[in-house]
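Asker: Structure in structure tokens, see below.
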């Protein structure tokens with residue numbers, strides 16, 4: 001491991017984890033979009049019917065798990081991951097299945113916790129890369145209207161170069177930067193600021209797009225006009241945003257990484273969109289289609305674990321689902337081990353590698 005205090009000029013390329021810098025060669029198998037600890041109560045949407053509403057305030061149990069899984073957002077307890085001991089046990093399963101690095105995409109507004117992430121990283125031996133910046137408009141701070149693009153850019157830059165607040169714990173990627181559809185004015189400011197921060201830090205940008213197939217194009221247009229390097233932008237949640245093959249290739253032509261990060265979400269019901277959620281099999285088919293179109297080096301994957309019902313403790317697949325179940329299915333579908341190596345190791349390493357500028 002490279003110590004945070006090392007002279008950056010002597011290490012022109014590095015990956016910034018919550019425990020300090022590491023060599024890119026130490027990244028290994030990676031899931032690029034997860035939430036280890038998160039307060040996602042901003043998404044709580046309880047039913048209005050009396051016969052259903054009481055279930056919204058029950059703890060997640062085996063008895064109500066099916067009801068919770070069908071719509072993750074209608075149970076309050078489900079949307080809070082705050083138990084460090086549980087997090088450690090879940091991540092050890094990821095490590096036991098060969099996983100080595102996790103991008104924790106929890107940003108400002110949904111409970112980012114640098115000290116806890118550091119403790120968890122020490123206990124598990126997993127490389128945890130923390131995200132900088134802001135989630136979507138509804139959880140922006142009250143003074144967001146008054147912040148300028150340059151002020152936000154300075155904040156994000158400082159989170160990567162100095163650390164979050166006075167913790168001294170540094171972020172290693174910008175995002176997930178939260179975007180709605182339609183995009184709000186403050187979300188647009190954050191995008192412009194992220195482009196500036198990218199140029200000042202060399203970090204990649206991870207995007208949470210709005211729930212419309214035009215949202216990724218709008219976001220990339222703003223980033224490009226603001227000076228961002230689109231080849232170092234990761235467009236998240238692709239499978240719930242674009243399901244048309246031509247549109248998908250049109251987006252890929254812009255040079256962004258395409259992130260299939262909802263592996264393990266097998267219910268077709270997606271309460272936040274008119275689209276049906278695709279299955280893991282369909283996700284693999286989309287990835288195979290992209291590979292066939294020469295895009296194996298522009299794909300990354302994750303599970304976007306953000307709630308209790310996605311954890312193994314509560315009957316979910318856990319953070320190791322891709323390692324345990326999806327990679328073997330990819331091989332069965334004749335995706336080459338070289339392409340899998342790109343998707344699971346090489347592409348994430350390239351995304352996370354910060355090059356001094």
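Asker: Among the residues of segment 57-67, which ones are in a helix (DSSP H, G or I) and within 26 Å of the chain's Cα centre (by Cα)?
Answerer: 65, 66, 67
Asker: Determine which single condition residue 286 fails, assuming it passes every other condition in (1) out of contact with any strand residue (DSSP E or B) (no Cβ under 7 Å at 6 or more places or on another chain); (2) surrounded by fewer than 23 Cβ atoms within 10 Å (Cβ to Cβ); (3) more than 19 Å from residue 181 (Cα to Cα).
Answerer: (1)
Asker: Does segment 128-138 contain any residue that is surrounded by fewer than 24 Cβ atoms within 10 Å (Cβ to Cβ), at pLDDT 95 or above and part of a loop (DSSP other than H, G, I, E, B)?
Answerer: Yes, segment 128-138 contains a residue that is surrounded by fewer than 24 Cβ atoms within 10 Å (Cβ to Cβ), at pLDDT 95 or above and part of a loop (DSSP other than H, G, I, E, B).
Asker: When only residues in segment 202-219 that are in a helix (DSSP H, G or I) and in contact with a strand residue (DSSP E or B) (Cβ under 7 Å, 6 or more places away or on another chain) count, which is nearest to residue 274 (Cα to Cα)? Spell out how you get there, then give the answer.
Answerer: Taking segment 202-219 first, the residues in a helix (DSSP H, G or I) are 215-219.
Imposing the further condition that a residue be in contact with a strand residue (DSSP E or B) (Cβ under 7 Å, 6 or more places away or on another chain) reduces the set to 216, 219.
On the way: 216: 17, 219: 21 Å.
If we take residues in segment 202-219 being in a helix (DSSP H, G or I) and in contact with a strand residue (DSSP E or B) (Cβ under 7 Å, 6 or more places away or on another chain), then 216 is nearest to residue 274 (Cα to Cα).
Asker: Can you pull out the residues in segment 253-266 that are free of Cβ contacts under 8 Å to residues at least 60 places away in the same chain, under 21 Å from residue 277 (Cα atoms) and touching a strand residue (DSSP E or B) at 6+ places or on another chain (Cβ under 9 Å)?
Answerer: 258, 260, 262 - these are the residues of segment 253-266 that are free of Cβ contacts under 8 Å to residues at least 60 places away in the same chain, under 21 Å from residue 277 (Cα atoms) and touching a strand residue (DSSP E or B) at 6+ places or on another chain (Cβ under 9 Å).
Asker: Okay, moving on. Please go through segment 240-268 and pick out each residue that is farther than 17 Å from residue 69 by Cα and part of a loop (DSSP other than H, G, I, E, B).
Answerer: Result: 241, 242, 243, 244, 253, 254, 255, 256, 261.
Asker: Sticking with this one: Given the structure, is residue 47 touching a residue at least 24 places away in the same chain (Cβ under 8 Å), over 21 Å from residue 236 (Cβ atoms), more than 20 Å from the chain's Cα centre (by Cα) and in a loop (DSSP other than H, G, I, E, B)?
Answerer: Working: touching a residue at least 24 places away in the same chain (Cβ under 8 Å): yes; over 21 Å from residue 236 (Cβ atoms): yes; more than 20 Å from the chain's Cα centre (by Cα): yes; in a loop (DSSP other than H, G, I, E, B): yes.
When the stated conditions are applied, residue 47 passes them.
Asker: Now, a different point. Does segment 90-115 hold any residues that are surrounded by fewer than 17 Cβ atoms within 10 Å (Cβ to Cβ) and either part of a loop (DSSP other than H, G, I, E, B) or within 18 Å of the chain's Cα centre (by Cα) (or both), and which are they?
Answerer: If the condition is that a residue be surrounded by fewer than 17 Cβ atoms within 10 Å (Cβ to Cβ) and either part of a loop (DSSP other than H, G, I, E, B) or within 18 Å of the chain's Cα centre (by Cα) (or both), then 98 is the only one that fits.
Asker: Scan segment 70-85 for residues that are over 20 Å from the mean Cα position of the chain (by Cα) and more than 23 Å from residue 136 (Cα to Cα) and jot them down.
Answerer: Of everything in segment 70-85, those that are over 20 Å from the mean Cα position of the chain (by Cα) and more than 23 Å from residue 136 (Cα to Cα) turn out to be 70, 85.
The values are calculated or read from the model by the stated rules, or taken from the named source; none is laboratory data. All of these numbers come straight from a predicted model, not from anything done at the bench. Virtual Cβ from ideal backbone geometry, glycine too; neighbours counted across all protein chains shown.
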